[in-house]
Amino acid sequence: MSQALHIANGDTLNQKLKAKNNRIEKLIAEQVADEKIVEEVYLAALSRFPGDAEKAKLLALLAESKDAGKREVVEDLYWGILSSKEFLFNH
């Protein structure tokens, strides 16, 4: 339980998401398609593909983001998944 609280409230995860040369920066630099970004996040964090409803919601969010704000959206996507019950209690 303390690990879950640390991830939700601590700064460690945020520092890793904002770090230079991380997975997020590489995805953005390589101009990976939004659908592949969503799949990459799910596979890396949850070892599964996103469901249709999950994918549709996240693709809509990514489509709304401007190129300059895309990294922030992807960081938020990672944070949301890494702080989810599914990740915290199953992985």
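Points to keep in mind about this one:
- The residues of the chain expose on average 67 square angstrom of accessible surface per residue, using a 1.4 Å probe on protein heavy atoms.
- Whole-Hz Karplus values for region 61-77 come out as 5, 5, 5, 6, 6, 7, 3, 5, x, 5, 4, 4, 5, 5, 4, 5, 4 Hz, taken residue by residue from phi with 6.51 cos²θ - 1.76 cosθ + 1.60 and θ = phi - 60°; glycine and proline positions read x.
- The mean sequence separation of alpha-carbon pairs under 8 Å and at least six residues apart, normalised by the residue count of the chain, gives a relative contact order of 36 percent.
- Taking Cβ atoms as reference points and 15 Å as the exclusive limit, the residues near Lys85 contribute a net charge of -1, counting Lys and Arg as +1 and Asp and Glu as -1.
- Net charge of Cβ neighbours under 14 Å - reference Leu62; Lys, Arg +1; Asp, Glu -1: -4
- Heavy-atom accessible surface of the chain: percent carbon and sulfur, 1.4 Å: 53 percent
The values are calculated or read from the model by the stated rules, or taken from the named source; none is laboratory data. Just so it is clear, the model here is predicted, and its values are computed rather than measured. FYI the Cβ positions are ideal-geometry reconstructions off the backbone, even for glycines, and counts take in every protein chain you see. Note: areas computed on protein heavy atoms with side chains; ligands, DNA, RNA excluded. Shrake-Rupley method; radii C 1.70, N 1.55, O 1.52, S 1.80 Å.
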